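To keep things clear, I will list the structure first and then write my remarks on it.
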Amino acid sequence: MIAQNIEQLKRRVAEACARVGRDAEDVRIVAVSKTFGVELIKKAFEAGLVDFGENYVQELREKMERLSGKPVRWHFIGHLQTNKVKYIINSVRLIHTLDSVRLAEELQKRATGPVDVLVEVHTTDEATKTGVDPRDVVPLVREVVRLQNVRICGLMTMGPFSDTPEDSRPSFRMLRELRAKVESENIPNVRMQHLSMGMTHDFEVAVEEGATILRIGTAIFGGRKARENSKS
């Protein structure tokens, strides 16, 4: 079932890319595996996915240990507290949720080498979401670039809570425009390669607006029933 889900997902991504003249190879799928057991992750890996995203440090550490024999590329996509940085800093491929200079400084302190990060941007009016105010993105980037081991590779956001995919378009468009603004500043050592945006309900809109990383859970693993039936 997971293999079929992934095949269908890739087809939809390719169709969305074709609508706007993009190459589907430029869009990376990160399987959001939080709360799903390692057996389901193994099935997704065997079906061709190598990028997996986790929201919670302890859960990520446990899964990394149990799947240490597989070349999985782990992404941290949840809110990262400074006191948890030490547990994942040298083990993840990309941290999607840099939202403060303080967190960047902790990453710098703990890193044994360069760590790639995305700046999380708050692009909706929903108070429950985290991230940097759009007006503060450029100033934050200017502060972070002085930290040798923290490499900014792009931006990340979440669209609004809505059942209508089009409701996410303004958020995604804002992120794309913010990336262009950062690029126009010609800040040294900043590679604005990625836009991490789009989830199961709105990823096609995200692709149309320039997403390079999609964070997909339900469309791959299914809903709560799949979680309850998966082995941890």
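The values are calculated or read from the model by the stated rules, or taken from the named source; none is laboratory data. Please read all numbers here as calculations on a predicted model, not as lab measurements. Cβ atoms come from the backbone with ideal geometry, glycine included; neighbour counts cover every protein chain shown.
Residues checked against (1) in contact with a Pro (Cβ under 6 Å, 6 or more places away or on another chain); (2) in a loop (DSSP other than H, G, I, E, B); (3) in contact (Cβ under 8 Å) with a residue 24 or more places away in the chain; (4) farther than 19 Å from Ala104 by Cα:
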residue: Gly154; (1), (2), (3), (4): no, no, yes, no
residue: Asn186; (1), (2), (3), (4): no, yes, no, yes
residue: Thr200; (1), (2), (3), (4): no, yes, no, yes
residue: Glu204; (1), (2), (3), (4): no, no, yes, yes
Over segment 184-227, the set of residues at positive phi and not polar (S, T, N, Q) is Gly198, Gly210, Gly222
The residue from Arg93, Arg61 that alone is more than 24 Å from Val190 (Cβ to Cβ), at pLDDT 95 or above and either aliphatic (A, V, I, L, M) or surrounded by fewer than 18 Cβ atoms within 10 Å (Cβ to Cβ) (or both) is Arg61
Checked segment 115-145 for anything modelled with pLDDT of 95 or more and farther than 20 Å from Arg173 by Cβ; matches are Val115, Asp116, Val117, Pro139, Leu140, Arg142, Glu143, Val144, Val145
Flagged in segment 22-51 as basic (Lys, Arg), over 15 Å from the mean Cα position of the chain (by Cα) and more than 11 Å from Phe221 (Cβ to Cβ), in numbering order, are Arg22, Lys42
Pairs returned, first residue in segment 70-86 that is more than 30 Å from Glu46 (Cβ to Cβ), second residue that is β-branched (Val, Ile, Thr) and assigned to a loop (DSSP other than H, G, I, E, B), beta-carbon separation under 7 angstrom, 6 or more apart or interchain, are His79/Thr130
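With crowded, with 18+ Cβ neighbours inside 10 Å and not in a strand (DSSP E or B) as the only criterion, which of Glu106, Glu120 stands out? Spell out how you get there, then give the answer.
Numbers: Glu120 fails: not in a strand (DSSP E or B).
It is Glu106.
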Selection over segment 162-195 where residues are within 19 Å of Leu214 (Cα to Cα), surrounded by 12 or more Cβ atoms within 10 Å (Cβ to Cβ) and at pLDDT below 95 yields a count of 1
| message | Whether any residue in segment 54-69 is part of a loop (DSSP other than H, G, I, E, B), of a type in the set (Ser, Thr, Tyr) and out of contact with any strand residue (DSSP E or B) (no Cβ under 6 Å at 6 or more places or on another chain) is what I want to check. | response | yes
- Quick one: would you say Val137 is of a type outside the set (Phe, Trp, Tyr), in a helix (DSSP H, G or I) and in contact with a strand residue (DSSP E or B) (Cβ under 9 Å, 6 or more places away or on another chain)? yes
When every residue in segment 38-53 that is among the small types (Gly, Ala, Ser) and not in a helix (DSSP H, G or I) is compared, the one farthest from Ala104 (Cα to Cα) is Ala47
- Of the residues that make up segment 90-103, is at least one over 17 Å from Gly78 (Cα atoms), assigned to a loop (DSSP other than H, G, I, E, B) and either touching a Lys or Arg at 6+ places or on another chain (Cβ under 7 Å) or not polar (S, T, N, Q) (or both)? no
